[in-house]
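Written out below as C-alpha coordinates is the structure these notes cover.
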Amino acid sequence: MNDDLTIKTAIKDVIPTLFGYIGVGLAYGVVAQTAHLGILTITLLCLIVYAGSAQFAITSMFVSASPISAIILSTFLINSRMILMSTSMAQHFKHDSLRQNIAIGTLITDETFALGMNKASMTKGKLTPAWFNTANVIAYIVWWLAYVVGALAGKLITNPESFGLDFAVVAMFIGLLYLQMIGDRRRKLRVQLEVILLVVIAMFVLGRFLNPEIALLLATIIGCLGGMAVEEWR
Amino acid sequence: MKINTYLLLTILGCGLVTWLSRVVPFVLVKNFVLPSGLIKLLSFVPVAIMTALVVQNILIFKTGSWPTINWLNFGAAVPTVAGAIITKSLLIIVVIGIISMAVLRLLT
(Lines give C-alpha, C1' and ligand atoms only; values in the text may rest on other atoms or scores of the structure.)
Protein backbone atom coordinates (compact mmCIF):
# COMPACT_ATOMS: atom_id res chain seq x y z
CA MET A 1 0.00 0.00 0.00
CA ASN A 2 1.22 3.54 -0.79
CA ASP A 3 -0.13 7.08 -0.35
CA ASP A 4 -1.86 7.18 -3.75
CA LEU A 5 -5.64 7.73 -3.51
CA THR A 6 -6.86 6.97 -7.04
CA ILE A 7 -9.54 4.47 -8.00
CA LYS A 8 -6.87 2.21 -9.49
CA THR A 9 -4.93 2.08 -6.21
CA ALA A 10 -8.14 1.43 -4.30
CA ILE A 11 -8.73 -1.68 -6.42
CA LYS A 12 -5.20 -2.88 -5.62
CA ASP A 13 -5.50 -2.03 -1.92
CA VAL A 14 -8.77 -3.91 -1.38
CA ILE A 15 -7.64 -7.23 -2.94
CA PRO A 16 -6.10 -8.83 0.22
CA THR A 17 -9.33 -8.28 2.20
CA LEU A 18 -11.35 -10.16 -0.43
CA PHE A 19 -9.79 -13.51 0.60
CA GLY A 20 -11.51 -13.13 3.93
CA TYR A 21 -14.86 -12.63 2.22
CA ILE A 22 -14.40 -15.76 0.13
CA GLY A 23 -13.60 -17.74 3.29
CA VAL A 24 -16.62 -16.39 5.17
CA GLY A 25 -18.85 -16.87 2.11
CA LEU A 26 -17.93 -20.54 1.80
CA ALA A 27 -18.41 -21.15 5.51
CA TYR A 28 -21.77 -19.42 5.39
CA GLY A 29 -22.84 -21.48 2.40
CA VAL A 30 -22.81 -24.62 4.50
CA VAL A 31 -24.77 -22.93 7.31
CA ALA A 32 -27.32 -21.61 4.80
CA GLN A 33 -27.66 -25.12 3.37
CA THR A 34 -28.50 -26.61 6.73
CA ALA A 35 -30.96 -23.74 7.34
CA HIS A 36 -32.48 -24.37 3.87
CA LEU A 37 -32.22 -20.72 2.88
CA GLY A 38 -32.65 -20.06 -0.83
CA ILE A 39 -30.30 -17.99 -3.01
CA LEU A 40 -32.84 -15.12 -2.97
CA THR A 41 -32.91 -14.97 0.85
CA ILE A 42 -29.10 -15.12 0.99
CA THR A 43 -28.88 -12.35 -1.61
CA LEU A 44 -31.26 -10.12 0.36
CA LEU A 45 -29.30 -10.76 3.57
CA CYS A 46 -26.02 -9.88 1.85
CA LEU A 47 -27.27 -6.78 0.08
CA ILE A 48 -29.57 -5.37 2.77
CA VAL A 49 -27.91 -6.36 6.05
CA TYR A 50 -24.31 -6.71 4.74
CA ALA A 51 -22.63 -7.74 8.00
CA GLY A 52 -20.87 -11.06 8.50
CA SER A 53 -21.37 -12.13 12.08
CA ALA A 54 -24.89 -10.68 12.11
CA GLN A 55 -25.81 -12.74 9.04
CA PHE A 56 -24.70 -15.92 10.82
CA ALA A 57 -26.71 -14.97 13.90
CA ILE A 58 -29.81 -14.08 11.86
CA THR A 59 -29.63 -17.38 9.98
CA SER A 60 -29.42 -19.46 13.15
CA MET A 61 -32.30 -17.46 14.63
CA PHE A 62 -34.35 -18.14 11.47
CA VAL A 63 -33.83 -21.85 12.09
CA SER A 64 -35.09 -21.55 15.66
CA ALA A 65 -37.95 -19.31 14.40
CA SER A 66 -37.11 -16.51 16.87
CA PRO A 67 -39.41 -13.49 17.05
CA ILE A 68 -38.56 -10.66 14.62
CA SER A 69 -37.91 -8.19 17.48
CA ALA A 70 -35.34 -10.52 19.08
CA ILE A 71 -33.47 -10.98 15.80
CA ILE A 72 -33.41 -7.23 15.14
CA LEU A 73 -32.16 -6.50 18.67
CA SER A 74 -29.39 -9.10 18.38
CA THR A 75 -28.37 -7.66 15.02
CA PHE A 76 -28.22 -4.17 16.51
CA LEU A 77 -26.04 -5.35 19.41
CA ILE A 78 -23.69 -7.32 17.16
CA ASN A 79 -23.33 -4.35 14.80
CA SER A 80 -23.19 -1.64 17.47
CA ARG A 81 -19.41 -1.57 16.99
CA MET A 82 -20.20 0.08 13.63
CA ILE A 83 -21.21 3.21 15.58
CA LEU A 84 -17.68 3.48 16.98
CA MET A 85 -16.04 2.77 13.63
CA SER A 86 -18.23 5.18 11.69
CA THR A 87 -17.73 7.99 14.23
CA SER A 88 -14.01 7.41 14.02
CA MET A 89 -13.89 7.22 10.21
CA ALA A 90 -16.22 10.21 9.71
CA GLN A 91 -13.45 12.48 11.04
CA HIS A 92 -11.67 12.01 7.71
CA PHE A 93 -14.68 13.06 5.61
CA LYS A 94 -15.97 16.09 7.52
CA HIS A 95 -15.22 18.35 4.55
CA ASP A 96 -16.91 16.17 1.96
CA SER A 97 -20.60 16.49 1.09
CA LEU A 98 -23.34 14.92 3.20
CA ARG A 99 -24.24 12.72 0.22
CA GLN A 100 -20.67 11.37 0.07
CA ASN A 101 -20.69 10.80 3.83
CA ILE A 102 -23.92 8.82 3.61
CA ALA A 103 -22.55 6.81 0.66
CA ILE A 104 -19.36 5.91 2.54
CA GLY A 105 -21.24 5.10 5.76
CA THR A 106 -23.77 2.90 3.98
CA LEU A 107 -21.15 0.43 2.79
CA ILE A 108 -18.49 0.67 5.51
CA THR A 109 -17.47 -2.68 7.05
CA ASP A 110 -14.94 -3.91 9.63
CA GLU A 111 -12.63 -4.66 6.72
CA THR A 112 -12.89 -1.41 4.75
CA PHE A 113 -12.73 0.54 8.02
CA ALA A 114 -9.48 -1.18 8.96
CA LEU A 115 -8.15 -0.77 5.42
CA GLY A 116 -9.11 2.92 5.38
CA MET A 117 -7.43 3.60 8.71
CA ASN A 118 -4.29 1.88 7.42
CA LYS A 119 -4.39 4.00 4.30
CA ALA A 120 -4.88 7.16 6.37
CA SER A 121 -1.74 6.39 8.37
CA MET A 122 0.18 6.47 5.09
CA THR A 123 -1.35 9.63 3.67
CA LYS A 124 -1.03 11.83 6.77
CA GLY A 125 -4.73 11.35 7.50
CA LYS A 126 -6.00 12.18 4.02
CA LEU A 127 -8.67 9.97 2.45
CA THR A 128 -10.87 10.63 -0.59
CA PRO A 129 -14.46 9.52 -1.29
CA ALA A 130 -13.26 8.13 -4.65
CA TRP A 131 -10.77 5.79 -2.93
CA PHE A 132 -13.15 4.76 -0.16
CA ASN A 133 -16.22 4.26 -2.35
CA THR A 134 -14.21 2.12 -4.77
CA ALA A 135 -12.97 -0.12 -1.96
CA ASN A 136 -16.49 -0.26 -0.47
CA VAL A 137 -18.29 -1.13 -3.71
CA ILE A 138 -15.79 -3.85 -4.69
CA ALA A 139 -16.06 -5.34 -1.20
CA TYR A 140 -19.88 -5.23 -1.40
CA ILE A 141 -20.03 -7.05 -4.75
CA VAL A 142 -17.41 -9.65 -3.85
CA TRP A 143 -19.18 -10.22 -0.52
CA TRP A 144 -22.44 -11.04 -2.26
CA LEU A 145 -20.77 -13.19 -4.93
CA ALA A 146 -18.80 -15.12 -2.28
CA TYR A 147 -22.00 -15.91 -0.41
CA VAL A 148 -23.85 -17.04 -3.52
CA VAL A 149 -20.91 -19.21 -4.62
CA GLY A 150 -20.63 -20.47 -1.02
CA ALA A 151 -24.30 -21.44 -1.00
CA LEU A 152 -23.96 -23.27 -4.32
CA ALA A 153 -20.72 -24.94 -3.25
CA GLY A 154 -22.27 -25.78 0.12
CA LYS A 155 -24.11 -28.57 -1.66
CA LEU A 156 -20.84 -30.06 -2.91
CA ILE A 157 -18.24 -29.27 -0.28
CA THR A 158 -18.79 -31.21 2.90
CA ASN A 159 -15.81 -29.74 4.73
CA PRO A 160 -14.92 -26.23 3.48
CA GLU A 161 -12.70 -25.61 6.52
CA SER A 162 -10.04 -28.02 5.32
CA PHE A 163 -8.86 -25.37 2.85
CA GLY A 164 -7.89 -22.99 5.66
CA LEU A 165 -9.89 -20.20 4.03
CA ASP A 166 -11.94 -19.67 7.19
CA PHE A 167 -8.81 -18.27 8.85
CA ALA A 168 -8.38 -15.59 6.16
CA VAL A 169 -10.47 -13.05 8.10
CA VAL A 170 -8.46 -13.51 11.30
CA ALA A 171 -5.18 -13.31 9.35
CA MET A 172 -6.41 -10.13 7.71
CA PHE A 173 -7.19 -8.46 11.04
CA ILE A 174 -3.82 -9.56 12.44
CA GLY A 175 -2.13 -8.01 9.39
CA LEU A 176 -4.15 -4.80 9.50
CA LEU A 177 -3.60 -4.45 13.26
CA TYR A 178 0.17 -4.84 12.87
CA LEU A 179 0.34 -2.45 9.91
CA GLN A 180 -1.82 0.05 11.81
CA MET A 181 0.52 -0.12 14.82
CA ILE A 182 3.70 0.47 12.88
CA GLY A 183 2.07 2.88 10.41
CA ASP A 184 0.80 5.43 12.93
CA ARG A 185 3.83 7.63 13.51
CA ARG A 186 1.91 10.17 15.59
CA ARG A 187 1.69 7.70 18.43
CA LYS A 188 4.37 5.87 20.41
CA LEU A 189 4.52 2.11 19.82
CA ARG A 190 4.55 1.61 23.58
CA VAL A 191 1.15 3.28 23.99
CA GLN A 192 -0.28 1.10 21.19
CA LEU A 193 1.03 -2.06 22.88
CA GLU A 194 -0.50 -0.95 26.19
CA VAL A 195 -3.87 -0.44 24.49
CA ILE A 196 -3.60 -3.92 22.92
CA LEU A 197 -2.75 -5.52 26.26
CA LEU A 198 -5.62 -3.74 27.96
CA VAL A 199 -8.11 -4.87 25.29
CA VAL A 200 -6.88 -8.49 25.51
CA ILE A 201 -7.34 -8.52 29.30
CA ALA A 202 -10.73 -6.77 29.05
CA MET A 203 -11.94 -9.27 26.42
CA PHE A 204 -10.86 -12.17 28.62
CA VAL A 205 -12.51 -10.88 31.80
CA LEU A 206 -15.68 -9.53 30.17
CA GLY A 207 -15.99 -12.71 28.10
CA ARG A 208 -16.83 -14.60 31.24
CA PHE A 209 -19.83 -12.45 32.06
CA LEU A 210 -21.15 -11.07 28.78
CA ASN A 211 -21.79 -12.37 25.30
CA PRO A 212 -18.78 -11.96 22.94
CA GLU A 213 -20.32 -9.07 20.97
CA ILE A 214 -20.97 -6.89 24.02
CA ALA A 215 -17.56 -7.86 25.43
CA LEU A 216 -15.99 -6.68 22.14
CA LEU A 217 -17.75 -3.33 22.34
CA LEU A 218 -16.89 -2.69 26.00
CA ALA A 219 -13.30 -3.93 25.62
CA THR A 220 -12.82 -1.49 22.74
CA ILE A 221 -14.13 1.42 24.80
CA ILE A 222 -11.96 0.38 27.77
CA GLY A 223 -8.94 0.18 25.45
CA CYS A 224 -9.61 3.70 24.12
CA LEU A 225 -10.05 5.15 27.62
CA GLY A 226 -6.89 3.39 28.81
CA GLY A 227 -4.93 4.65 25.83
CA MET A 228 -6.05 8.19 26.50
CA ALA A 229 -5.19 7.87 30.18
CA VAL A 230 -1.62 6.66 29.61
CA GLU A 231 -1.03 9.32 26.94
CA GLU A 232 -2.38 12.17 29.07
CA TRP A 233 -1.02 11.39 32.50
CA ARG A 234 2.35 9.81 31.97
CA MET B 1 -37.00 -22.24 3.17
CA LYS B 2 -38.93 -20.10 0.67
CA ILE B 3 -38.86 -16.35 1.19
CA ASN B 4 -41.92 -15.26 3.18
CA THR B 5 -43.17 -12.20 5.06
CA TYR B 6 -41.38 -13.28 8.24
CA LEU B 7 -37.99 -13.56 6.51
CA LEU B 8 -38.51 -10.39 4.51
CA LEU B 9 -39.57 -8.24 7.48
CA THR B 10 -36.68 -9.54 9.59
CA ILE B 11 -34.15 -8.83 6.86
CA LEU B 12 -35.54 -5.31 6.31
CA GLY B 13 -35.54 -4.56 10.06
CA CYS B 14 -32.02 -5.89 10.55
CA GLY B 15 -30.88 -3.95 7.47
CA LEU B 16 -32.38 -0.74 8.84
CA VAL B 17 -30.75 -0.92 12.31
CA THR B 18 -27.41 -1.84 10.73
CA TRP B 19 -27.62 0.99 8.19
CA LEU B 20 -28.48 3.51 10.92
CA SER B 21 -25.49 2.34 13.02
CA ARG B 22 -23.28 2.94 9.99
CA VAL B 23 -24.69 6.22 8.70
CA VAL B 24 -25.97 8.27 11.67
CA PRO B 25 -22.42 8.83 13.05
CA PHE B 26 -21.32 10.20 9.66
CA VAL B 27 -24.27 12.63 9.60
CA LEU B 28 -23.66 13.74 13.21
CA VAL B 29 -19.91 14.23 12.76
CA LYS B 30 -20.56 16.21 9.57
CA ASN B 31 -23.02 18.57 11.27
CA PHE B 32 -21.65 18.96 14.79
CA VAL B 33 -18.21 19.71 16.19
CA LEU B 34 -17.13 16.85 18.46
CA PRO B 35 -15.37 17.75 21.74
CA SER B 36 -11.58 17.36 21.41
CA GLY B 37 -11.55 14.75 24.20
CA LEU B 38 -13.91 12.54 22.22
CA ILE B 39 -11.82 12.90 19.06
CA LYS B 40 -8.74 11.88 21.04
CA LEU B 41 -10.64 8.88 22.42
CA LEU B 42 -11.78 7.89 18.93
CA SER B 43 -8.21 7.94 17.64
CA PHE B 44 -7.64 4.75 19.65
CA VAL B 45 -10.61 2.96 18.06
CA PRO B 46 -8.72 1.31 15.15
CA VAL B 47 -6.08 -0.43 17.26
CA ALA B 48 -8.53 -1.28 20.06
CA ILE B 49 -11.28 -2.68 17.85
CA MET B 50 -8.90 -4.68 15.63
CA THR B 51 -7.32 -6.22 18.73
CA ALA B 52 -10.78 -7.11 20.05
CA LEU B 53 -11.73 -8.69 16.71
CA VAL B 54 -8.56 -10.82 16.72
CA VAL B 55 -9.06 -11.86 20.36
CA GLN B 56 -12.70 -12.73 19.65
CA ASN B 57 -11.45 -15.27 17.10
CA ILE B 58 -8.63 -16.69 19.22
CA LEU B 59 -10.64 -17.28 22.37
CA ILE B 60 -13.66 -19.54 22.78
CA PHE B 61 -16.39 -17.80 24.74
CA LYS B 62 -18.91 -19.45 26.97
CA THR B 63 -20.88 -17.16 29.27
CA GLY B 64 -20.40 -18.14 32.92
CA SER B 65 -16.93 -19.64 32.59
CA TRP B 66 -13.53 -18.19 31.71
CA PRO B 67 -12.78 -18.05 27.98
CA THR B 68 -10.51 -20.82 26.70
CA ILE B 69 -7.94 -20.63 23.91
CA ASN B 70 -8.83 -21.87 20.44
CA TRP B 71 -5.47 -23.61 19.93
CA LEU B 72 -5.97 -24.20 16.22
CA ASN B 73 -6.54 -20.48 15.54
CA PHE B 74 -3.78 -19.57 17.98
CA GLY B 75 -1.40 -21.93 16.19
CA ALA B 76 -2.20 -20.40 12.81
CA ALA B 77 -1.90 -16.90 14.26
CA VAL B 78 1.76 -17.38 15.27
CA PRO B 79 3.18 -17.76 11.71
CA THR B 80 0.74 -15.05 10.58
CA VAL B 81 2.17 -12.55 13.09
CA ALA B 82 5.70 -13.57 12.10
CA GLY B 83 4.76 -13.06 8.44
CA ALA B 84 3.36 -9.62 9.26
CA ILE B 85 6.58 -8.54 10.96
CA ILE B 86 8.78 -9.86 8.16
CA THR B 87 6.83 -8.94 5.02
CA LYS B 88 4.56 -6.00 6.02
CA SER B 89 2.39 -6.99 3.04
CA LEU B 90 -1.28 -7.62 3.74
CA LEU B 91 -1.70 -9.97 0.80
CA ILE B 92 1.23 -12.17 1.89
CA ILE B 93 0.04 -12.09 5.52
CA VAL B 94 -3.42 -13.36 4.52
CA VAL B 95 -1.95 -16.09 2.29
CA ILE B 96 0.40 -17.22 5.11
CA GLY B 97 -2.61 -17.37 7.45
CA ILE B 98 -4.63 -19.54 5.04
CA ILE B 99 -1.72 -21.91 4.37
CA SER B 100 -0.88 -22.16 8.11
CA MET B 101 -4.45 -23.14 8.90
CA ALA B 102 -4.62 -25.67 6.06
CA VAL B 103 -1.33 -27.25 7.17
CA LEU B 104 -2.42 -27.37 10.83
CA ARG B 105 -5.68 -29.10 9.86
CA LEU B 106 -3.73 -31.58 7.78
CA LEU B 107 -1.47 -32.38 10.74
CA THR B 108 -4.11 -32.60 13.46
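Listed conditions (1) open to solvent by 10 Å² or more (accessible area, probe 1.4 Å); (2) modelled with pLDDT under 90; (3) assigned by TED's automatic domain parsing to the domain that holds A:Leu107 are all met by A:Asn2, apart from (3). If only residues of segment A:86-117 that are at the interface with another protein chain (Cβ under 9 Å from one of its Cβ atoms) and in contact with a Gly (Cβ under 7 Å, 6 or more places away or on another chain) are counted, the one that is nearest to A:Gly183 (Cα to Cα) is A:Met89.
Restricting attention to segment B:54-64, does a residue exist that is more than 8 Å from chain A (Cβ to nearest Cβ) and either more than 18 Å from the chain's Cα centre (by Cα) or farther than 27 Å from A:Thr34 by Cβ (or both)? Yes, segment B:54-64 contains at least one residue that is more than 8 Å from chain A (Cβ to nearest Cβ) and either more than 18 Å from the chain's Cα centre (by Cα) or farther than 27 Å from A:Thr34 by Cβ (or both). So, in segment A:4-59, how many residues would count as being more than 16 Å from A:Leu107 (Cβ to Cβ) and aromatic (Phe, Trp, Tyr)? Number of matching residues: 3.
Would you mind stating whether A:Asp4 is closer than 24 Å to A:Asn133 by Cα and assigned to a loop (DSSP other than H, G, I, E, B)? Explain how you work it out, then say what you get.
On the way: closer than 24 Å to A:Asn133 by Cα: yes; assigned to a loop (DSSP other than H, G, I, E, B): yes.
Considered against the rule, which asks whether it is closer than 24 Å to A:Asn133 by Cα and assigned to a loop (DSSP other than H, G, I, E, B), A:Asp4 comes out as yes.
For segment A:36-78, a tally of residues being modelled with pLDDT of 90 or more and among the aromatic types (Phe, Trp, Tyr) returns 2. For residues that are under 15 Å from the mean Cα position of the chain (by Cα) and among the polar types (S, T, N, Q), scanning just segment A:109-145, find the one that is nearest to B:Trp19 (Cα to Cα). Here the residue is A:Thr109.
The values are calculated or read from the model by the stated rules, or taken from the named source; none is laboratory data. No experiment lies behind these values; they were computed from the predicted model shown. Using ideal geometry, Cβ is built from the backbone for each residue, glycine included, and neighbour counts are taken over all protein chains shown. In case anyone asks, the SASA skips ligands and DNA or RNA and just uses the protein heavy atoms, side chains included. Shrake-Rupley method; radii C 1.70, N 1.55, O 1.52, S 1.80 Å.
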